[in-house]
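Okay, structure first, notes after.
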Amino acid sequence: MRVAQVNEFGGPEVLVTTEIPDPVAGPGEAVVAVCVVDTIFVETQIRSGTFGEHFPVQPPYVPGGGIAGTVRAVGEGVDKAWIGRRVITSLGFSGGYAEQAVASAAKLVPVPDGLDLRDAAALVHDGVTATALLESTGLGSGDRVLILGASGGMGTLLIQLAKAVGAEVVGVARGELKTSLVRELGADAVVDATSADWVALARTALGPAGADVVLDGVGGDLGLAAFPLTADGGRFSAHGAPTGGFAPVDAAEAERRGIKLLGIGDVQLSDEEYVRLAAKALTAAASGSLHPVIGGEFPLERAAEAHAAIEGRGLRGKVLLTT
């Protein structure tokens, strides 16, 4: 089968298309014929070698942790009724940039009839994490929420989910193209992070008390600058690091102000929780109440171009690979 493989750490060009043997399902596993592959920024960081200390992946390897497709075969102990069903699943950190992939049967999530596999794939990671974030932060009606990276794959979902529970949303994105999308998705206020005074603009939009919840999917200096915008007694989630690191928030200051700090560890889910949250996101998309934003699609053999597009940050929403 065809795969996009990383033969050495480096730039997008190290992603090359090659042939490897078809996978075989072991006990408790299923082979999925992949139709669409989700991509996330951390995959570019792993490929570059930047996050080697966090992810035990060594070349040569096939990237890709999230897929949508049809179950082709199952291993021992797996219900054969799965064969032929459309599913999404999370593989971990590798194996997805392929025509077929082996998945744990415990993490297969059926795709509702009528929901396009592209939309389903766009929810494999970001739909699950966004739904988990709303639960972990307790975001509810009347809360003021500041969303960093609001035009990205997860940010666009967070806007919609936050509005659905009655929160007041202030979205932060970079440039007119991205801020216009945030506005279209229903944010109550939009702040352009390219403005030198974006923090002051965000504070004006939030009001003097600040944000009850800050959802930081960006990290680094931007996330750190957003921390003072959190209201005393509020919640600050530092779950994103496309800038190269999570926001280095002062835990002592957070404790003094009664701010609950959450991080990437708070959205590391058991298989059961993953399936529950993924099903919830898929159901919302199937009903038309949640609309994934897909900014780019690339065939598998152009995976290097997809990574370059992700790193270039010019696209809005998700980037997907198709087989």
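The values are calculated or read from the model by the stated rules, or taken from the named source; none is laboratory data. Keep in mind the model is a prediction, meaning the values are calculated, not measured. FYI the Cβ positions are ideal-geometry reconstructions off the backbone, even for glycines, and counts take in every protein chain you see.
Checked against the criterion of being in a strand (DSSP E or B) and at pLDDT 95 or above, the range 108-129 contains one or more residues that satisfy it. Checked against (1) modelled with pLDDT of 95 or more; (2) in contact with a helix residue (DSSP H, G or I) (Cβ under 8 Å, 6 or more places away or on another chain); (3) hydroxyl-bearing (Ser, Thr, Tyr), THR243 passes all but condition (1). Residues in the range 275-289 that are crowded, with 19+ Cβ neighbours inside 10 Å and either in the same structural domain as VAL37 (by TED's automatic domain parsing) or of a type in the set (Gly, Ala, Ser) (or both): ALA278, ALA281, ALA284, ALA285. Restricting the range 256-306 to residues that are assigned to a helix (DSSP H, G or I) and among the hydroxyl-bearing types (Ser, Thr, Tyr), which is farthest from the chain's Cα centre (by Cα)? Ranking the candidates gives SER287 first. Restricted to the range 1-49, and to residues there that are of a type in the set (Ser, Thr, Tyr) and surrounded by 15 or more Cβ atoms within 10 Å (Cβ to Cβ), the residue that is nearest to HIS307 (Cα to Cα) is THR44. Restricting the range 85-108 to residues that are hydroxyl-bearing (Ser, Thr, Tyr) and within 17 Å of LEU320 (Cβ to Cβ) leaves a set whose member that is surrounded by the fewest Cβ atoms within 10 Å (Cβ to Cβ) is SER90. Of GLY240, GLY245, all but one fail to be among the small types (Gly, Ala, Ser) and within 23 Å of THR89 (Cα to Cα); the exception is GLY240. Remark: pairs (first residue in the range 188-204, farther than 20 Å from LEU158 by Cα and assigned by TED's automatic domain parsing to the domain that holds GLY142; second residue surrounded by fewer than 17 Cβ atoms within 10 Å (Cβ to Cβ) and of a type in the set (Ser, Thr, Tyr); Cβ separation under 8 Å; 6+ apart in sequence or on different chains) = LEU201/SER195. Residues of the range 137-190 that are in a loop (DSSP other than H, G, I, E, B) and farther than 21 Å from GLY219 by Cβ: GLY138, GLY140, SER141, GLY142, ASP143, VAL165, GLY166, ALA167, LEU185, GLY186, ASP188.
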